[in-house]
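What follows is a set of notes on a single structure, which appears directly below.
FYI, it's all coordinate maths here, none of it is from the lab. From a predicted model like this one, the values you see are computed outputs, not experimental measurements. Positions of Cβ are generated from backbone atoms using ideal geometry, with glycine treated the same way; all protein chains shown enter the neighbour counts.
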Amino acid sequence: MDKQFLAKMKAELLKQKAEILRHLEAESEGFREIVEDMDPKDIVDMAADDVDKKNLEALNVVETRKLSLIENALGRIQNERYGVCMECSKIIPTPRLEAIPYALFCIDCQTKKDRQNR
Ligand SMILES: [Zn+2]
């Protein structure tokens with residue numbers, strides 16, 4: 001695969017990784033502040049905050065999953081396996097990689113997987 005393209009994708013992956021890390025950090029910071037500011041007698045009224053906490057966790061799950069995909073893609077650049085579908089070993093078209101730099105599967109395999117997950 002084109003070295004220039006790989007370098008571009010690597011930079012993009014690193015950028016997205018930094019963004020997620022900053023995001024996760026800001027979130028956990030915000031969450032800690034909420035808890036620290038809480039008056040112990042308010043804990044009786046925690047139900048509403050509980051919901052917030054669950055939303056926060058759900059968001060973190062999505063971001064953490066994306067982070068692991070990004071890590072995976074960076075590893076694949078290192079191993080010179082980047083842009084090769086993990087399922088059928090076909091080359092993933094570059095427009096797809098440009099849209100989703102951490103794509104692990106070609107469109108055909110991704111579509112099959114999405115159907116299985118449903
Ligand atoms: Zn495939």
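Restricting attention to the stretch 107-118, which residues are within 18 Å of the chain's Cα centre (by Cα) and either in contact (Cβ under 8 Å) with a residue 60 or more places away in the chain or within 9 Å of the ligand (Cβ to nearest atom) (or both)?
Of everything in the stretch 107-118, just one residue is within 18 Å of the chain's Cα centre (by Cα) and either in contact (Cβ under 8 Å) with a residue 60 or more places away in the chain or within 9 Å of the ligand (Cβ to nearest atom) (or both), namely 110.
Determine which single condition residue 104 fails, assuming it passes every other condition in (1) touching a residue at least 24 places away in the same chain (Cβ under 8 Å); (2) more than 15 Å from the ligand (Cβ to nearest atom).
Residue 104 satisfies every listed condition except (2).
Looking at the stretch 77-95, which of the residues that are more than 10 Å from the ligand (Cβ to nearest atom) and surrounded by fewer than 17 Cβ atoms within 10 Å (Cβ to Cβ) is farthest from residue 5 (Cα to Cα)? Show your work before the answer.
Taking the stretch 77-95 and keeping what is more than 10 Å from the ligand (Cβ to nearest atom), we get 77-83, 93-95.
Narrowing further to those that are surrounded by fewer than 17 Cβ atoms within 10 Å (Cβ to Cβ): 78-81, 93-95.
Values: 78: 14, 79: 15, 80: 12, 81: 14, 93: 12, 94: 9, 95: 11 Å.
My answer is 79.
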